[in-house]
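**Q** The structure under discussion is supplied below as structure tokens; questions concerning it will follow.
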Amino acid sequence: MAESESLSRDEVAHVAKLALLDLTDEEIDLFTVQLSGVIDTAREMNALDLDGVQPTHHPLGLVNVMRADELRPSIDRDEVLAQAPAVEDDRFKVPPALGEA
Amino acid sequence: MTTPETASPAAFGDAQSIANDVSSGTRTAASVVANHLDRIATHDGEVHAFNVVTAERAMDAAESIDQRIAAGEDVGPLAGVPVAVKDNMCTRGVATTCSSKILEGWEPPYTATVVERLTNAGAIVVGKTNLDEFAMGSSTENSAFGPTHNPWDLDKVPGGSSGGSAAAVAAGFAPVSLGSDTGGSIRQPASLCGVVGVKPTYGAVSRYGLIAFGSSLDQIGPFTTTVADSATMFEVMGGHDPLDSTSANQPALAVSSKLDAGVDGLRVGIITEMAGDVIEGIDADVIARLRAAATALEAGGATVGEVSIPSSVYGLPAYYMVAPAEASSNLARFDGVRYGLRVDGANTALMNTASRTGGFGPEVKRRIMLGTYALSAGYRDAFYGKAQQIRTKIIEEFTAAYEHFDVLLSPASPSTAFALGDKAADPMAMYLNDVCTIPSNLSGQPSMSVPFGVGDDGMPIGVQILAPLMGDVVMFQVAAELERVANATNEAGA
């Protein structure tokens, strides 16, 4: 099935890994077909001559906004931590970053 | 077609009449809110517009408004007006879920600027409305908490992604509501539910507290039953917000200033690609209503012509690269560390992956995958880069069109409301719903849907009005004229 699609199963599995998503075999099969369909539509853009056209990143062409470096109240730390899945000593708690627990 | 009991826009009056009554003491805010909460309790089981109804908070707020009015205070232009808020806008202390399992139960520690400004003007939040998960969809079927039903026909979708907010207004659960529009998520459901829906100019209304989807496209706007109510909402919410660095540094646009001015002498251009068979799949009854709207404006003294925006044909593929690319980046923050769902894993990376896998639904995963692919090494120039160049082309073509026209017209949605389940299995068929609305998200220009009659199936059809950047005032001027004609036609027919 994957042979006839724009994206291969392997590519879909690789992209899932980059996106930190763990897909089942069935999901990889389905996404291979569905994402290939969208990519095929996106290829319609190739029909346009876009040589020398500048890209638009943002409709208003805004530049960075800086504010004065003044003290002001921020969001309450306890209120933020109350919503976290795990907390220890006023910090977000996660499993080990290296190795395994 | 008989109107079902679930459909009753402005069941207890529009926002203007409620604010007048409450300010003058003819009605109390408490009685107005109680009326709406009763109607929600009776009918939202069938419609499912709300993820949560904040009944107690709303009654407390109403009583406080009534006390202030009794003390002689002017509480603002939205005194006692119930408002339903799309559940992707932060409300401090009230669950904000984006209709996703990954945020189920999360209570934000701050409130969105738009909600803050509406409540400061006297409005009362009655609940948070259902949406396609993270605003990704055109039918509200992608909600983790079940679909919303169209109040005019419960077997049909309300559109999306702001389907809950559009349905809430059509059902008379609130006279006004808030939506967000990244590719049509206000205008398409407004069209399908027969209410007014506005996407202001990008940056004209603050997005602080809106959970980001596609940051260069997202815009908050109102749903209402009248053009004047949308104008009031816009003026209350608009204007610079130092908390949103993309907010335009200028006061709110005076969109109610020309509602009575008529359209004599205005130049109206129908977008050729959306009024025939250049873009396929736009239904004949929808195009017929568009032509009828143009004729009505001509009768009001406007000149009507046609104008081609050739690159609009490529808006859809460009959008479905840009929006997922930005979404894949924005949704990287949902990793099980600081908020929302955590699924345990032996180390941080495994925990991140398990949390995202367990928390996101299929459409969100699809968009994250698409965006990650479009931005990945070797494909970025071919897909994301090209899409951004098409954005430039669309902006140039719109700019050229506005040298000859004050506003442009197109359909808001290619069809009336379709049946629940009809397009759920085919992402590309669903994406085609956005074909008329996407170009003005890519360009940042304002656009809105105004109800203008019904289709062959008796379901509502909206006409889309588009205007130049920061040209929201003339857009509202034209919308008010279409509304006058539609109301006169309804009365003549009744």
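The values are calculated or read from the model by the stated rules, or taken from the named source; none is laboratory data. Quick caveat, the model's predicted, so the values are computed rather than measured. Cβ coordinates were reconstructed from backbone atoms using ideal geometry, including for glycine residues, and neighbour counts include every protein chain displayed.
**Q** Among the numbered conditions (1) surrounded by 13 or more Cβ atoms within 10 Å (Cβ to Cβ); (2) in a loop (DSSP other than H, G, I, E, B), tell me where residue A:100 comes up short.
**A** Exception for residue A:100: condition (1).
**Q** Can you find even one residue in region B:461-469 that is within 14 Å of chain A (Cβ to nearest Cβ) and surrounded by fewer than 24 Cβ atoms within 10 Å (Cβ to Cβ)?
**A** Among the residues of region B:461-469, at least one is within 14 Å of chain A (Cβ to nearest Cβ) and surrounded by fewer than 24 Cβ atoms within 10 Å (Cβ to Cβ), which makes the answer yes.
**Q** Oh, and also: Only one of these is surrounded by fewer than 24 Cβ atoms within 10 Å (Cβ to Cβ), outside any loop (DSSP other than H, G, I, E, B) and away from chain A (no Cβ under 11 Å): B:429, B:400, B:424. Name it.
**A** Numbers: B:429 fails: away from chain A (no Cβ under 11 Å); B:424 fails: outside any loop (DSSP other than H, G, I, E, B).
None of the others qualify; the one that does is B:400.
**Q** Name the pairs: first residue in region B:114-129 and not assigned by TED's automatic domain parsing to the domain that holds residue B:59 and buried (at least 24 other Cβ atoms within 10 Å of the Cβ), second residue hydrophobic (A, V, I, L, M, F, W, C) and part of a loop (DSSP other than H, G, I, E, B), Cβ to Cβ under 6 Å, at least 6 apart or on different chains?
**A** Taking only residues 6 or more apart or on different chains, not a single pair turns up.
**Q** While we're looking at this one, here's another question. Do we have residue B:350 as in contact with a helix residue (DSSP H, G or I) (Cβ under 8 Å, 6 or more places away or on another chain) and either aliphatic (A, V, I, L, M) or modelled with pLDDT under 95 (or both) here?
**A** Details: in contact with a helix residue (DSSP H, G or I) (Cβ under 8 Å, 6 or more places away or on another chain): no; either aliphatic (A, V, I, L, M) or modelled with pLDDT under 95 (or both): yes.
The answer is no for residue B:350.
**Q** Please go through region B:274-313 and pick out each residue that is of a type outside the set (Val, Ile, Thr) and more than 20 Å from residue B:467 (Cα to Cα). Full working, then the answer.
**A** Here is the first cut: in region B:274-313, the residues of a type outside the set (Val, Ile, Thr) are B:274-277, B:280-281, B:283-285, B:288-294, B:296-302, B:305-306, B:308, B:310-312.
Correct list: B:276, B:277, B:280, B:281, B:283, B:284, B:285, B:288, B:299.
**Q** Here's another thing I want to ask about it. Can you pull out the residues in region B:380-397 that are within 7 Å of chain A (Cβ to nearest Cβ) and either free of Cβ contacts under 8 Å to residues at least 12 places away in the same chain or within 12 Å of residue A:51 (Cα to Cα) (or both)?
**A** Residues satisfying the conditions are B:385, B:386, B:389, B:390, B:392, B:393.
**Q** Whether any residue in region B:372-379 is more than 7 Å from chain A (Cβ to nearest Cβ) and among the β-branched types (Val, Ile, Thr) is what I want to check.
**A** First, pick out the residues of region B:372-379 that are more than 7 Å from chain A (Cβ to nearest Cβ): B:374-375, B:377-379.
Narrowing the set further to residues that are among the β-branched types (Val, Ile, Thr) leaves none.
No - not one qualifying residue is present in region B:372-379.
**Q** Give me the pairs, please: first residue somewhere in region A:17-38 and within 9 Å of chain B (Cβ to nearest Cβ), second residue anywhere and of a type in the set (Gly, Ala, Ser) and assigned to a helix (DSSP H, G or I), beta-carbon distance under 6 Å, and either six or more positions apart or on two chains.
**A** A:23/A:16
**Q** Related question: Inspect region A:59-82 for any residue being surrounded by 10 or more Cβ atoms within 10 Å (Cβ to Cβ) and among the polar types (S, T, N, Q) and give the result as yes or no.
**A** There is no residue in region A:59-82 that is surrounded by 10 or more Cβ atoms within 10 Å (Cβ to Cβ) and among the polar types (S, T, N, Q).
**Q** Are any residues in region A:34-92 under 23 Å from the mean Cα position of the chain (by Cα) and charged (D, E, K, R), and if so, which ones?
**A** Passing the criteria: A:40, A:43.
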